[in-house]
Amino acid sequence: MIDRQLLRILRDSIDKAIADLGEEHGVILETGNATFSDNNFTLKIEGSQMVGGNVMTKEAVAYRTYRMHEQTGLELFEEFPYNRMRFKVTGYKTRAKKRPIVCHNLDTGADHVFPTSLVKRLVGMGDAVE
């Protein structure tokens, strides 16, 4: 019988195996969502190419496709300071209306989303930050 505990064990083993496979072929492979029943399961594998030491996720490609650097003033993977921390622009969520800009906190390692207007103000393209 397939249950959550078995899937966690399998996911760890699969992650190790596909990491080596991805490295061999020059891509980053990660396991995604999983669904299961008593007798079978489905596990999604997501792959991304490395460009200049940065992972080209769907969001990163969207940032370039929608030319967000023209709206925000920041290039993809460019760093900027905010609240005494350093962030790096990593992508654009096309379906997010309020906070579409995806950024990675270089100090804590966490990912955050920001409104376009805030990023514009931080780089001097909009009204000053209060």
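Bear in mind that the values in this text are calculations on the coordinates, not laboratory data. Bear in mind the structure is a predicted one, so any value in this text is a computation, not a measurement. For neighbour counting, all protein chains shown are included, and Cβ atoms are generated from backbone atoms with ideal geometry for every residue, glycine included.
Laid out as a table, the results:
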item: Entry for Cα extents along the principal axes in Å (calculated from the structure that is shown) out of (1) 59, 30, 28; (2) 112, 29, 17; (3) 84, 52, 20; result: (1)
item: Estimated vicinal HN-Hα couplings, Hz - region 38-47 in sequence order (Karplus 6.51, -1.76, 1.60; Gly, Pro = x); result: 5, 10, 8, 8, 10, 10, 7, 10, 10, x
item: Nearest-0.05 FRET efficiency for K98 and Y66, computed from C-beta distance (R0 25 Å); result: 0.95
item: Whichever aspartates and glutamates have a C-alpha closer than 18 Å to that of K120, once near sequence neighbours (fewer than 8 apart) are set aside; result: E70, E75, E78, E79, E130
item: Label-point gap, in nm, between M50 and E23 - each point 7 angstrom along Cα→Cβ; result: 0.9 nm
item: Partners for K16 among lysines (Cα-Cα distance below 30 Å; same-chain residues under 8 apart left out); result: K44, K58, K88, K93
item: Per-residue ³J(HN,Hα) for region 67-83, Karplus 6.51 cos²θ - 1.76 cosθ + 1.60, θ = phi - 60°, Hz, x for Gly and Pro; result: 6, 5, 4, 6, 8, 9, x, 10, 7, 4, 6, 7, 8, 8, x, 7, 6
